[in-house]
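K.L.:
One structure follows; several queries about it will come next.
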Amino acid sequence: MMQAQVNLSCIKLIIKKMQKKFKSFIYLLVILLTIAIGNGIYTDISVEDLKNEYANEHSKFIEVDEMNVHYRDEGEGFPIVLIHGTAASLHTWNAWTDELKKTNRVIRMDLPAFGITGPNKNADYSIEAYTTFLQSFLEKIGLEKFHLAGNSLGGNIAWNYTADYPDKVEKLILLDSSGLPTNKSQPAIFKMAKTPLLNSLFLYITPRFLIKKNIEEVYEDDSKITDKLINRYHKMALRVGNRQAFIDRAKTDFKPDAIANQNKLKSIQTPTLLIWGAKDLWIPLDNGIRMDRILVNSTLKVIENSGHVPMEENPIESLKLMNEFLFTSEINKK
């Protein structure tokens, strides 16, 4: 009886280790099952087809580092530059732009690797490369002084840019920004993109349900997720070259240099507003609290019913906070 118990314990331990070691294999089985039911294989979508559906009368294109960058420049007044996060596009700022352009000039772009812009020639998606890209883009359109806002990866780019070019940024707005360790495992889609064989399949198999699952992870309220929203994210992912770019981006070191980034954050004197979704599963509120403690001239505002993309999920609440920050001085006092 004792021997049987020992054997059973050993079997359970082996299974546990196998589950941990071969967790990616489970994803592979899911993908193979998707193939079997014929619902996951998608061909690339051409740039022209995406332009026809997702570019509009405000869309412009400019050559930067041999990329034809998709951007929009709307409204008049003091400029506000908006930077989206991983796997998103400039459309994530639609609701904000509709209001901000009534009083300000609003500039937003599809970052390299995403949206209609697509991949860069070097497959370099480090924060340093993105910061250099942003400076080149802003120089090309002749922007000298502006407010700068970014979400997630876009927030990381925004605060690094502000540290490098402090005289250019009047005020900084960071929404659920990356840049500090999260003490959480990476989302499944990033693990998949980094896993050999799985990432090769990702070039051909990008099921819509996988995109939907990721949007559900970044939204707190699933009732706000529409088919139109899912279709946009899905089609942008299928842009020629974007799936390979996503894999290349995932291979970039996701572990921030905590000490170096803290020192760089401390160097920022620019008035900064942090907006954080209390229910953010990807970059938790604790990161916002830590970032607020490090920054010397910041304030943190929390939206209780929001996930990782408050400007998209909660545009009214997040924009109200941003407007108070831009047009009054009260919100920025620690």
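The values are calculated or read from the model by the stated rules, or taken from the named source; none is laboratory data. The model shown is predicted, which means the values in this text are computed figures rather than measured ones. Ideal geometry is used to build each Cβ from the backbone, glycine not excepted, and the neighbour counts take in all protein chains shown.
K.L.:
When residues of the range 216-253 are filtered for being touching a Phe, Trp or Tyr at 6+ places or on another chain (Cβ under 7 Å), part of a loop (DSSP other than H, G, I, E, B) and modelled with pLDDT under 95, how many remain?
P.N.:
So the answer is 1.
K.L.:
Of all residues in the range 98-117, which are under 15 Å from the mean Cα position of the chain (by Cα) and either at positive phi or part of a helix (DSSP H, G or I) (or both)?
P.N.:
Within the range 98-117, A113, G115 meet the criteria.
K.L.:
Check K224, K228, K264 and return the single one that is out of contact with any Lys or Arg (no Cβ under 8 Å at 6 or more places or on another chain) and assigned by TED's automatic domain parsing to the domain that holds T162.
P.N.:
Going through K224, K228, K264 in turn, the sole match is K264.
K.L.:
For the range 48-90, which positions are more than 21 Å from the chain's Cα centre (by Cα), in a loop (DSSP other than H, G, I, E, B) and closer than 25 Å to A129 by Cα?
P.N.:
D65, E66
K.L.:
Restricting attention to the range 97-108, does a residue exist that is touching a helix residue (DSSP H, G or I) at 6+ places or on another chain (Cβ under 6 Å) and of a type in the set (S, T, Y)?
P.N.:
So far as the range 97-108 goes, no, none of its residues is touching a helix residue (DSSP H, G or I) at 6+ places or on another chain (Cβ under 6 Å) and of a type in the set (S, T, Y).
K.L.:
If you don't mind, there's one more thing I want to ask. Just to be sure before I move on: is A258 farther than 23 Å from A88 by Cβ and either out of contact with any helix residue (DSSP H, G or I) (no Cβ under 9 Å at 6 or more places or on another chain) or not assigned by TED's automatic domain parsing to the domain that holds A113 (or both) in the structure I sent?
P.N.:
So A258 passes the test.
K.L.:
Quick check on T162: is it modelled with pLDDT of 95 or more and either outside the structural domain of L281 (by TED's automatic domain parsing) or under 18 Å from F78 (Cα atoms) (or both)?
P.N.:
Judged against the criteria, T162 is a match.
K.L.:
Return the total of residues in the range 130-175 being assigned to a strand (DSSP E or B) and surrounded by 21 or more Cβ atoms within 10 Å (Cβ to Cβ).
P.N.:
Number of matching residues: 10.
K.L.:
For residues that are out of contact with any strand residue (DSSP E or B) (no Cβ under 6 Å at 6 or more places or on another chain), among the aliphatic types (A, V, I, L, M) and not in a helix (DSSP H, G or I), tally how many sit in the range 254-304.
P.N.:
Counting residues in the range 254-304 that are out of contact with any strand residue (DSSP E or B) (no Cβ under 6 Å at 6 or more places or on another chain), among the aliphatic types (A, V, I, L, M) and not in a helix (DSSP H, G or I) gives 4.
K.L.:
Given (1) of a type in the set (G, A, S); (2) under 21 Å from L229 (Cβ atoms); (3) part of a loop (DSSP other than H, G, I, E, B), identify the lone condition not met by A95.
P.N.:
The number of the failed condition is (3).
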